[in-house]
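Student: Let me give you the structure first, and then I'll get to my questions.
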Amino acid sequence: MSNSSSITQFLILAFADTWELQLLHFWFFLGIYLASLLGNGLIITTIAWDQHLHTPMYFFLLNLSLLDLGSISTTVPKSMASSLWNIRGISYTGCAAQIFMVFFFISAKYCLLTVMSYDRYIAICKPLHYRTLLGSRACVHMGAAAWATGFLNALATHGQYIFIATVQGQCPGPILL
(Lines give C-alpha, C1' and ligand atoms only; values in the text may rest on other atoms or scores of the structure.)
Protein backbone atom coordinates (compact mmCIF):
# COMPACT_ATOMS: atom_id res chain seq x y z
CA MET A 1 0.00 0.00 0.00
CA SER A 2 1.43 3.37 -1.00
CA ASN A 3 1.03 6.69 0.71
CA SER A 4 -0.70 9.09 -1.67
CA SER A 5 -2.82 12.17 -1.54
CA SER A 6 -4.69 14.19 -4.10
CA ILE A 7 -5.49 17.85 -4.33
CA THR A 8 -9.19 18.61 -4.46
CA GLN A 9 -9.16 22.23 -3.37
CA PHE A 10 -6.81 25.21 -3.23
CA LEU A 11 -6.89 27.76 -0.44
CA ILE A 12 -7.21 31.41 -1.40
CA LEU A 13 -5.47 33.88 0.86
CA ALA A 14 -7.59 36.78 2.02
CA PHE A 15 -6.60 40.36 1.35
CA ALA A 16 -7.40 41.19 4.96
CA ASP A 17 -8.28 39.38 8.15
CA THR A 18 -10.84 41.89 9.41
CA TRP A 19 -14.42 41.88 8.22
CA GLU A 20 -14.44 45.63 7.53
CA LEU A 21 -11.48 45.39 5.15
CA GLN A 22 -13.08 42.40 3.42
CA LEU A 23 -16.22 44.46 2.87
CA LEU A 24 -14.11 47.33 1.55
CA HIS A 25 -12.43 44.89 -0.84
CA PHE A 26 -15.85 43.64 -1.98
CA TRP A 27 -17.26 47.12 -2.62
CA PHE A 28 -14.07 48.30 -4.34
CA PHE A 29 -14.03 45.37 -6.77
CA LEU A 30 -17.79 45.57 -7.26
CA GLY A 31 -17.37 49.20 -8.36
CA ILE A 32 -14.58 48.27 -10.78
CA TYR A 33 -16.57 45.32 -12.13
CA LEU A 34 -19.76 47.34 -12.64
CA ALA A 35 -17.82 50.17 -14.31
CA SER A 36 -16.23 47.68 -16.67
CA LEU A 37 -19.58 46.04 -17.44
CA LEU A 38 -21.20 49.42 -18.05
CA GLY A 39 -18.38 50.79 -20.20
CA ASN A 40 -17.95 47.70 -22.35
CA GLY A 41 -21.72 47.21 -22.56
CA LEU A 42 -22.13 50.77 -23.84
CA ILE A 43 -19.39 50.24 -26.43
CA ILE A 44 -20.95 47.00 -27.65
CA THR A 45 -24.47 48.47 -27.75
CA THR A 46 -23.38 51.65 -29.53
CA ILE A 47 -21.41 49.80 -32.19
CA ALA A 48 -24.21 47.29 -32.73
CA TRP A 49 -26.95 49.91 -33.11
CA ASP A 50 -25.24 52.66 -35.09
CA GLN A 51 -24.86 51.71 -38.77
CA HIS A 52 -22.14 54.36 -39.24
CA LEU A 53 -19.92 52.44 -36.86
CA HIS A 54 -19.95 49.24 -38.88
CA THR A 55 -16.37 49.72 -40.05
CA PRO A 56 -13.31 47.52 -39.48
CA MET A 57 -11.96 49.65 -36.63
CA TYR A 58 -15.20 49.46 -34.67
CA PHE A 59 -15.62 45.76 -35.45
CA PHE A 60 -12.28 45.12 -33.79
CA LEU A 61 -13.15 47.47 -30.92
CA LEU A 62 -16.35 45.47 -30.36
CA ASN A 63 -14.31 42.27 -30.19
CA LEU A 64 -11.88 43.93 -27.77
CA SER A 65 -14.79 44.89 -25.52
CA LEU A 66 -16.09 41.31 -25.57
CA LEU A 67 -12.64 40.01 -24.63
CA ASP A 68 -12.40 42.58 -21.83
CA LEU A 69 -15.78 41.50 -20.47
CA GLY A 70 -14.65 37.89 -20.54
CA SER A 71 -11.33 38.53 -18.85
CA ILE A 72 -12.78 40.59 -16.01
CA SER A 73 -15.68 38.17 -15.53
CA THR A 74 -13.26 35.28 -15.10
CA THR A 75 -11.59 36.37 -11.87
CA VAL A 76 -13.34 39.32 -10.23
CA PRO A 77 -16.68 37.64 -9.29
CA LYS A 78 -14.86 34.80 -7.50
CA SER A 79 -12.71 37.30 -5.65
CA MET A 80 -15.78 39.29 -4.60
CA ALA A 81 -17.61 36.14 -3.47
CA SER A 82 -14.58 35.03 -1.47
CA SER A 83 -14.48 38.38 0.31
CA LEU A 84 -18.20 38.66 0.99
CA TRP A 85 -18.96 35.11 2.09
CA ASN A 86 -15.56 34.33 3.60
CA ILE A 87 -15.02 31.40 1.26
CA ARG A 88 -11.35 30.46 1.24
CA GLY A 89 -11.30 27.58 -1.23
CA ILE A 90 -11.52 26.92 -4.92
CA SER A 91 -11.77 23.49 -6.45
CA TYR A 92 -8.92 22.19 -8.56
CA THR A 93 -11.06 22.11 -11.69
CA GLY A 94 -12.36 25.60 -10.96
CA CYS A 95 -8.82 26.89 -10.55
CA ALA A 96 -7.64 25.15 -13.72
CA ALA A 97 -10.61 26.51 -15.69
CA GLN A 98 -10.03 30.00 -14.33
CA ILE A 99 -6.34 29.94 -15.25
CA PHE A 100 -7.15 28.59 -18.71
CA MET A 101 -9.78 31.27 -19.34
CA VAL A 102 -7.51 34.07 -18.12
CA PHE A 103 -4.75 32.99 -20.49
CA PHE A 104 -7.26 32.53 -23.32
CA PHE A 105 -8.67 36.03 -22.96
CA ILE A 106 -5.27 37.67 -22.50
CA SER A 107 -3.76 35.84 -25.48
CA ALA A 108 -6.74 36.64 -27.68
CA LYS A 109 -6.59 40.27 -26.57
CA TYR A 110 -2.92 40.55 -27.57
CA CYS A 111 -3.65 38.95 -30.94
CA LEU A 112 -6.58 41.29 -31.50
CA LEU A 113 -4.46 44.32 -30.60
CA THR A 114 -1.96 43.15 -33.25
CA VAL A 115 -4.77 42.94 -35.81
CA MET A 116 -5.99 46.39 -34.76
CA SER A 117 -2.51 47.82 -35.25
CA TYR A 118 -2.47 46.32 -38.77
CA ASP A 119 -5.85 47.97 -39.41
CA ARG A 120 -4.50 51.37 -38.35
CA TYR A 121 -1.32 50.82 -40.42
CA ILE A 122 -3.39 50.21 -43.54
CA ALA A 123 -5.65 53.19 -42.77
CA ILE A 124 -2.68 55.54 -42.38
CA CYS A 125 -0.12 54.25 -44.86
CA LYS A 126 -2.39 52.91 -47.61
CA PRO A 127 -5.66 54.82 -47.36
CA LEU A 128 -6.66 54.26 -50.99
CA HIS A 129 -6.38 50.48 -50.58
CA TYR A 130 -8.14 50.38 -47.20
CA ARG A 131 -11.52 49.08 -48.44
CA THR A 132 -9.83 46.56 -50.70
CA LEU A 133 -7.47 45.14 -48.08
CA LEU A 134 -9.85 45.26 -45.12
CA GLY A 135 -13.24 44.21 -46.41
CA SER A 136 -15.84 42.70 -44.12
CA ARG A 137 -14.77 39.16 -44.96
CA ALA A 138 -11.10 39.88 -44.17
CA CYS A 139 -12.07 41.52 -40.88
CA VAL A 140 -14.15 38.54 -39.81
CA HIS A 141 -11.29 36.19 -40.70
CA MET A 142 -8.75 38.27 -38.79
CA GLY A 143 -11.06 38.57 -35.78
CA ALA A 144 -11.74 34.83 -35.78
CA ALA A 145 -8.01 34.15 -36.14
CA ALA A 146 -7.30 36.31 -33.08
CA TRP A 147 -9.87 34.40 -30.99
CA ALA A 148 -8.63 31.03 -32.29
CA THR A 149 -4.99 31.91 -31.68
CA GLY A 150 -5.82 32.92 -28.11
CA PHE A 151 -7.57 29.60 -27.55
CA LEU A 152 -4.75 27.58 -29.09
CA ASN A 153 -2.14 29.48 -27.10
CA ALA A 154 -3.98 28.83 -23.84
CA LEU A 155 -4.47 25.20 -24.80
CA ALA A 156 -0.84 24.72 -25.76
CA THR A 157 0.60 26.39 -22.69
CA HIS A 158 -1.78 25.17 -19.99
CA GLY A 159 -3.85 22.37 -21.45
CA GLN A 160 -1.07 19.81 -21.21
CA TYR A 161 -0.48 20.53 -17.52
CA ILE A 162 -4.16 20.38 -16.72
CA PHE A 163 -4.40 17.05 -18.56
CA ILE A 164 -1.37 15.62 -16.75
CA ALA A 165 -2.69 16.76 -13.39
CA THR A 166 -6.12 15.28 -14.10
CA VAL A 167 -4.73 11.92 -15.19
CA GLN A 168 -2.14 11.63 -12.42
CA GLY A 169 -4.25 13.28 -9.75
CA GLN A 170 -1.56 15.71 -8.71
CA CYS A 171 -0.96 19.38 -9.34
CA PRO A 172 2.07 20.51 -11.33
CA GLY A 173 2.00 23.63 -9.10
CA PRO A 174 4.74 26.05 -10.19
CA ILE A 175 4.37 25.13 -13.86
CA LEU A 176 0.62 25.71 -13.88
CA LEU A 177 0.64 28.91 -11.89
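Student: Please calculate the 1.4 Å probe accessible area of D68, with all protein chains present, and give it to the nearest 10 Å².
Tutor: That residue has around 50 Å² of solvent-accessible surface.
Student: Stretch I106-D50 to full length: gain in nm at 0.36 nm per residue minus the Cα-Cα span?
Tutor: 17.4 nm
Student: Working with all protein chains in place, sort C111, C139, C125 by solvent-accessible area computed with a 1.4 Å probe, largest first.
Tutor: Numbers: C111 35, C139 5, C125 80 Å².
The most accessible residue leads, giving C125, C111, C139.
Student: Pop the C-beta distance of L34 and T8 into the FRET formula with R0 = 45 Å and round what comes out to the nearest 0.05.
Tutor: Numbers: r = 33 Å, r/R0 = 0.73.
Once the sixth-power term is evaluated, E becomes 0.85.
Student: Let me ask something else about it. How much length is gained if the chain between L84 and Y58 is pulled fully straight, taking 0.36 nm per residue apart and subtracting their Cα-Cα distance, in nm to one decimal?
Tutor: 5.6 nm
Student: Give me the percent of the accessible area of the chain that comes from carbon and sulfur atoms, probe 1.4 Å, all protein chains in place.
Tutor: On the way: 7760 of 11190 Å².
It is 69 percent, rounded to a whole number.
Student: Let me ask another. Given 0.36 nm per residue, what is the gain on full extension from L152 to W19 after removing their alpha carbon distance, in nm? Please list the in-between numbers first.
Tutor: Numbers: separation 133, 0.36 × 133 = 47.88 nm, distance 4.11 nm.
Length gained, L152 through W19: 43.8 nm.
Student: By Kyte-Doolittle mean hydropathy of at least 1.0 and Cα axial length of at least 30 Å, which whole DSSP H helices of the chain are selected?
Tutor: Helix filter hits for the chain: 19-49, 92-125.
Student: So for R137, R88, R120, what's the accessible-area order with a 1.4 Å probe, most first? Write down the numbers at each step before the final one.
Tutor: Numbers: R137 180, R88 60, R120 90 Å².
If we order R137, R88, R120 from most to least accessible, we get R137, R120, R88.
Student: Roughly how many debye, to the nearest 20, is the charge dipole of the chain about its Cα centre, given +1 on each Lys and Arg Cβ, -1 on each Asp and Glu Cβ, and no other charges?
Tutor: About 460 debye.
Student: Going by a ≥ b ≥ c, the root eigenvalues of the Cα gyration tensor, does the range 7-131 fall in the rounded group (a/c under 1.5), the prolate group (a/b larger than b/c) or the oblate group?
Tutor: Because a/c hits 1.5 or more and a/b exceeds b/c, the range 7-131 counts as prolate.
Student: Rolling a 1.4 Å sphere over the protein heavy atoms, what is the accessible area per residue of the range 4-168, to the nearest Å²?
Tutor: On the way: 10110 Å² over 165 residues.
Normalised by residue count, the accessible surface of the range 4-168 is 61 Å².
Student: So, one more: Given springs between every Cα pair under 10 Å in a Gaussian network model of the chain, which of L23, L69, L152 has the largest fluctuation?
Tutor: Fluctuation is largest for L23.
The values are calculated or read from the model by the stated rules, or taken from the named source; none is laboratory data. What you see is a predicted model, and the numbers here were worked out from it, not measured in a lab. Backbone-built Cβ (ideal geometry, glycine too); neighbour counts: all protein chains shown. Calculation scope for accessible area: heavy atoms of the full protein, side chains included, ligands and nucleic acids excluded. Shrake-Rupley method; radii C 1.70, N 1.55, O 1.52, S 1.80 Å.
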